[in-house]
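Have a look at this one before I ask anything.
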Amino acid sequence: MSALHERLVIAVPRGALMKESLDLLDGLGIDTSEVRANDRKLLFEDVGIVTMRPSDVPTYVEAGAADIGITGKDVLMEQPEREVYELLDLGFGRCTMVLASVAGDDAGARALRRLGVMRVATKYRKIALQHFARTGRQAEIVEVKGSVELAPLTGMVDAIVDLTATGTTLRENGLVVREEIATTTARLIANPVAHKLKAGAIDAIVERLRAA
Amino acid sequence: MIHPIPSGTRDVLPDEMRELRSILAAAHGIFERAGYGEVATPALEYEDTLAIGGVGGALPAYRLFDEAGHVLTLRSDMTVPIARLVATRFATAELPLRLCYFAHAYRGVKPQRGQSREFLQAGIELIGAPAPAGSAEALTLLCDTLDAIGLREYKIGLGDVGLYQTLLDSHGIDGDARARILHELVSRDFVGLGREIDQLLLPDPEAVEQLKRIPQLRGGPELLDQLDGVAQDAAEGLRLIHDRLEPRVAERIIFDLGLVRDLDYYTGAIFEVYDPKLGNPLGGGGRYDDLLGRFGRSLPAVGWALTIDRVHVALAGERSE
């Protein structure tokens, strides 16, 4: 491991983006074997890695608890107030943010026509609100924490806004995509102060990732 | 009995106050010695008056009405009230004016580490001193103040709000495309910046490369020598400041060609103070050569403010080592 990387603390997302994030760090010469071998441990001081859920990465990076981090564009879109630099599109973890509803006659469109407002369940409140505001429609956002697909099946809402990679979960629950809102991929982000004080180390990583 | 106080505010108890006082006293000693006279302005101002200054990202968060129905706001910084004060009370004073303040300002931020809705600032305004000499004086005073406070590891990021605008001008980029590019820059999103520049379909690949690369450059004065063409001319203001700095000040400077500040009255050099012990800047400032004119006395000016709570956290961090 080079001395350059030693000085940076990197926030790595657990979950779907974790394996490819660690592969990327391997490519930079950072030894991630301990992280891979250890499912419960969160802080790996020797290699400067902290692991957390993707939506917490901007929080740690903004506060300076991590110098740089990897997270999805969906997370960054949902937390636009975070003061972090978005340095690089890492290309992996490609997903689509979609508006979906139960197959057949579109309940969302029907609700808009007859009731003037669409009820939408989502974990992405800001992204959903912005999408409806931008397209000049009224929506009532219902925030849920668990499986969003359940909400329209029970009749609680007319449609959902959710992230999908392959569309399998949507299909299995009888939902179809009505609109594509955005394509999201993993991004490399940096703390604004680290971006200046550790410019050399951060730029070295960005250059190598860009060349990869 | 527990009685709540508003989110983002706090009480200060004697132990902390003693440490804050020593920071304020150190700053005050430096301001006094450099000939900066202390002023105070009301915490409440007419909303219409502050709006003349334009506040951009630092919108006042607290408004109230007086008995005549006027909208009053709690000031979101001290620079705009001082611009008002100078135009009103120093209309014929001899220049340059050197003013300093220790005052609370109020913003609607999300409270977190080192960020409050009510925060104490110590700052200076140097009015009637044009670039580059005025900017160099302000930066030197900033270093003197941080040194006197006892910070050892701080650095100062120095950029120029006009630099990237000049580059966009030189490629004839205007209208919506320009606004979108500047939005990405202000949002610190270099992925979005690259995407917007690609969408311009500029015929010259070197121009594309330059527009993407320059706002990401940070480093020592050698950075300015690497620039060529339009970029070199655009960075002339930074070079002139650098030429006027003493070595002890110059060695604290990190040139940052993509630096942005969330206040929209800045016109030239801008700066931010960093300390490795804190994840956000301790303060900052810059030139605001148009602001006084908006209040009726057109004068070049430069100023900065330190957020004392953050300085305190950084100082405590440095001392705990």
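The values are calculated or read from the model by the stated rules, or taken from the named source; none is laboratory data. This structure is a prediction, so every number in the text was calculated from the model and none was measured. As a convention, Cβ positions derive from the backbone with ideal geometry for all residues, glycine included, and neighbour counts pool all protein chains shown.
Given (1) more than 14 Å from chain B (Cβ to nearest Cβ); (2) in contact (Cβ under 8 Å) with a residue 40 or more places away in the chain; (3) buried (at least 17 other Cβ atoms within 10 Å of the Cβ), where does A:Glu180 come up short, assuming only one miss?
(3)
Take the residues in the stretch B:78-93 that are at pLDDT 90 or above and assigned to a loop (DSSP other than H, G, I, E, B); name whichever of them is farthest from the chain's Cα centre (by Cα).
So, considering only residues that are at pLDDT 90 or above and assigned to a loop (DSSP other than H, G, I, E, B), the one farthest from the chain's Cα centre (by Cα) is B:Phe90.
Are there strands (runs of 3 or more DSSP E) fully within the stretch A:33-109 with at least 3 residues that are within 14 Å of another protein chain (Cβ to nearest Cβ)? List them.
Answer list for the stretch A:33-109: A:68-72, A:85-89.
Listed here are the residues, each with its yes/no results for (1) over 24 Å from the mean Cα position of the chain (by Cα); (2) within 19 Å of B:Ser135 (Cβ to Cβ); (3) crowded, with 18+ Cβ neighbours inside 10 Å.
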{"position": "B:Leu201", "(1), (2), (3)": "yes, no, no"}
{"position": "B:Pro221", "(1), (2), (3)": "no, yes, no"}
{"position": "B:Gly237", "(1), (2), (3)": "no, yes, yes"}
{"position": "B:Glu246", "(1), (2), (3)": "no, yes, no"}
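Look at the stretch B:26-49 and say how many of its residues are surrounded by fewer than 12 Cβ atoms within 10 Å (Cβ to Cβ), assigned to a helix (DSSP H, G or I) and hydrophobic (A, V, I, L, M, F, W, C).
The number of residues fulfilling the criteria is 0.
Checking B:Val191 against (1) over 18 Å from B:Asn280 (Cβ atoms); (2) more than 14 Å from chain A (Cβ to nearest Cβ); (3) surrounded by 17 or more Cβ atoms within 10 Å (Cβ to Cβ); (4) at pLDDT 95 or above, which test does it fail?
(2)
Take the residues in the stretch A:68-88 that are among the hydrophobic types (A, V, I, L, M, F, W, C) and over 12 Å from A:Tyr124 (Cα atoms); name whichever of them is surrounded by the most Cβ atoms within 10 Å (Cβ to Cβ).
Per the criteria, the residue is A:Val84.
What's the number of the condition A:Ala165 fails, among (1) touching a residue at least 12 places away in the same chain (Cβ under 8 Å); (2) under 30 Å from A:Leu115 (Cα atoms); (3) surrounded by fewer than 23 Cβ atoms within 10 Å (Cβ to Cβ); (4) more than 14 Å from every other protein chain (Cβ to nearest Cβ)?
Only one criterion is unmet by A:Ala165, namely (2).
Based on this model, can you work out whether B:Gly317 counts as surrounded by fewer than 19 Cβ atoms within 10 Å (Cβ to Cβ) and either of a type outside the set (A, V, I, L, M) or in contact with a Ser or Thr (Cβ under 9 Å, 6 or more places away or on another chain) (or both)?
For B:Gly317, the condition - surrounded by fewer than 19 Cβ atoms within 10 Å (Cβ to Cβ) and either of a type outside the set (A, V, I, L, M) or in contact with a Ser or Thr (Cβ under 9 Å, 6 or more places away or on another chain) (or both) - is met.
Surrounded by 19 or more Cβ atoms within 10 Å (Cβ to Cβ), of a type in the set (A, V, I, L, M) and either at pLDDT below 95 or part of a loop (DSSP other than H, G, I, E, B) (or both): does that describe B:Val12?
Here the answer is no, as B:Val12 does not meet what is asked.
Can you tell me which residues in the stretch A:188-208 are more than 7 Å from chain B (Cβ to nearest Cβ) and assigned to a helix (DSSP H, G or I)?
A:Ala194, A:His195, A:Gly200, A:Ala201, A:Ile202, A:Asp203, A:Ala204, A:Ile205, A:Val206, A:Glu207, A:Arg208
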